[in-house]
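See structure below.
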Amino acid sequence: MRFPLLCGWLMSLALVAADRPNIIVILADDQGFGDLGANNPQSKIATPQLDALAKGGVRFTDGHTSSGVCTPTRYSLLTGRYHWRTKLQSGVLGGFSTPLIAKDRLTLAGLLKQQGYATGCFGKWHLGMSFPLKNGGVADDGGDFSKAFQDAASVDYGRDIVDGPVDHGFDTFYGISASLDMPPFVWIKDRRVTEIPSATKTWLRTGPAGPKFEAIDVMPSVIDQTIAFIEAQRKADPAKPFFAYVPLNAPHTPIVPTKEFQGASGISPYADFVKQVDHDVGRLLASLEKQGLTENTLVVFTADNGCSPAANIAELQKAGHEPSYIYRGNKADLYEGGHRVPFLLRWPAKVKPAVSSALIGQFDFLATFAEITGATVPAGMGEDSVSFLPVLLGAKESVRQGIVSQSINGSFAIRDGQWKLLLSAGSAGWSSPKPGPEEAGLPPVQLYDLSKDPGERKNLQAEFPERVASMKAELEKLIARGRSTPGPDLANDVPVQLIKKSPAGKAKAKAKK
């Protein structure tokens, strides 16, 4: 097995430092592969702006996150390293969680800042940050956001928040600490809250909130702030390229489309919110066009994972809309619906419009942007990132042969070309069969040939035991080496458990003790 398969491409030599594009990475929150008309011919949600973006660039049909949930995906996207090499072995962080990105870890923003880029982050961070406490130390919810953070009243909101975006390569940040349904409900600018969260508000969860903060304002404000950043940068230094990372809060819960979009889809509030995402991305693209920046701006639109059950998938399906298109599962899952996501890239100056079936991951941005800008990724950084620039410039062959995915409970899956091995009996997430009793009687692993069975319905593990063994061995090797790219072996931050026990299995093991 080649993992990943690296291929040279002479066309990449045509790129020189003078061609450095502006770069914008837009990350939707919980938006399914099939929620774009460009991906789903039967889509019932109109997305004209994103469809136009797809038509004008490369639409990847086999693009992936590293996880079926948000925090792990964001770590991998920004660092070029699989998240499961860190302490985060399952689940996500909360709004008062401590930082996941190590202080010395190179990020996309840090790499591009070294290359002379102005860098800004606008939207949902969700990678932890250190809120100072009045009596010393920092807040730590331990990732438990199921209840209100017990020490919220002890946070000193008048002091700097550290270990956030501006400590990881971004010149400026305007956004929220985590998901829009996780307190604190307050805007953060760089290292300070814009108002003391002296109120208490509820959006699914209850917690401290800024008196003026309203969930419905977040989506349009994120786009407004991004546009303002670009306009200010162009005014200050037109020759200086910029990088804007735009992790949206939508269409994640709370599902709060503005009045203009309420009822606009004729299907559901979630579909309305997807339409607003499309519209607001269109506003950003229109601003680029107005400023004459379209030609040499590389724009990425993707999502952190698949559509969430909170979107009321049954309601969407009743209207004839499949948010995961032909793929099985949804957010949190090991199945394709959990981590195969919208993946569009447009760069008119260098990239011709195309539809690509090349296997790529968001963790490949680091190596790709490094090659585009002439940067060198330091040894020991970006250890799972592979440049897909050759694909952008016309190569037909994938630059990688395999990819590793993980579900919300930390279960693993590995790709080898058309083959996919899941080290779980079921979804390992939120769709059926869920971890536990629903898996009873199922084989402990699943093997699918995605070229013939993209819906992952025919488990071939019994027919190809040698392939199961070889793919599992490859995954063990990738974990042990601390990297999946060529180079010296590295260390993971913590021991990584390959097989995750289901709740039923854990209970059985506990009963034996």
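Which order do the peptides 259-272, 174-187 come out in when sorted by mean C-beta neighbours inside 10 angstrom, highest first?
On the way: 259-272: 18.5, 174-187: 24.0.
Top of the packing list down: 174-187, 259-272.
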Treating only Lys and Arg (+1) and Asp and Glu (-1) as charged, each at its beta carbon, one finds that the chain has a dipole about its Cα centre, in Debye to the nearest 20, of 780 debye
Which pairs break 32 Å Cα to Cα here: Lys318/Lys434; Lys103/Lys477; Lys290/Lys352; Lys477/Lys501; Lys103/Lys240?
none
Out of Ala178, Gly410, Phe464 - ranked by how far each Cα lies towards the positive end of the dipole of the chain, with unit charges on the beta-carbon of charged residues - the top one is Phe464
Linear extension gain, Ala46 paired with Asn312, 0.36 nm per residue minus alpha-carbon span
94.0 nm
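Which value, in debye to the nearest 20, gives the size of the charge dipole of region 23-114 about its Cα centre, when Lys and Arg are +1 and Asp and Glu are -1 at the Cβ? Intermediate results must be reported in sequence, preceding the final value.
On the way: 10 positive and 6 negative charges, 78 e Å.
For region 23-114, the charge dipole is close to 380 debye.
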For the chain, what is the relative contact order in percent, using Cα pairs closer than 8 Å and at least 6 residues apart in sequence?
24 percent
Euclidean distance between Cα centres, region 251-270 to region 417-433, Å
31 Å
May I ask which residue of Leu316, Ser43, Pro454 lies farthest towards the positive end of the charge dipole of the chain, with charges of +1 (Lys, Arg) and -1 (Asp, Glu) on Cβ and the Cα centre as origin?
Pro454
Can you give me the Cα centroid spacing of region 291-311 and region 159-192 in angstrom?
21 Å
R0 = 35 Å: FRET efficiency of Asn135 with Ala491, Cβ-based, nearest 0.05?
0.50
How much space per residue, in cubic angstrom, does the convex hull of the C-alpha atoms of region 224-284 take up?
79 Å³
So what are the ³J(HN,Hα) numbers for region 332-339, from phi and the Karplus equation (6.51, -1.76, 1.60; θ = phi - 60°), rounded to whole Hz, Gly and Pro as x?
5, 8, 7, 5, 3, x, x, 9
When only alpha-carbon atoms are used, what values of Rg and Dmax, in angstrom, describe region 403-512?
14.8, 44
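Here is the link list: Lys331/Lys420; Lys331/Lys396; Lys87/Lys201; Lys87/Lys500; Lys44/Lys124. Which ones come out longer than 21 Å on Cα distance? List each step's numbers first, then the result.
Details: Lys331/Lys420 18 Å; Lys331/Lys396 30 Å; Lys87/Lys201 31 Å; Lys87/Lys500 15 Å; Lys44/Lys124 27 Å.
Over 21 Å apart, Cα to Cα: Lys331/Lys396; Lys87/Lys201; Lys44/Lys124.
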Binning every alpha carbon pair distance of the chain at 20 Å from zero, what are the percents per bin?
24, 60, 16, 0
Which aspartates and glutamates, on any chain, are close to Lys113 with Cα under 20 Å apart, when same-chain ones fewer than 8 places away are left out?
Asp19, Asp104, Asp163, Asp167, Asp171, Asp190, Glu231, Asp237, Asp364, Glu371, Glu383
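I'd like the antiparallel share, as a percent to the nearest 5, of DSSP beta bridges with both residues in the chain.
On the way: 32 of 60 bridges.
Bridges in the chain that DSSP calls antiparallel: roughly 55 percent.
When the helix-only estimate is applied to the chain (DSSP H runs of n ≥ 4, each -39,500 (n - 2.57), divided by the residue count), what is the mean residue ellipticity at 222 nm, nearest 500 deg cm²/dmol? Please report the intermediate quantities before stating the final value.
Values: 11 runs with 116 residues, N = 513.
It comes out at -7000 deg cm²/dmol, rounded to the nearest 500.
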Let me see the pair-distance distribution of region 251-405: every alpha carbon pair, 5 Å bin width, integer percents in order.
2, 8, 13, 17, 17, 16, 14, 9, 3, 1, 0
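No lab work stands behind these numbers, since they all come straight from the coordinates. These numbers come from a predicted model, not from an experiment. We place every Cβ from the backbone using ideal geometry, glycine too, and count neighbours over all the protein chains shown.
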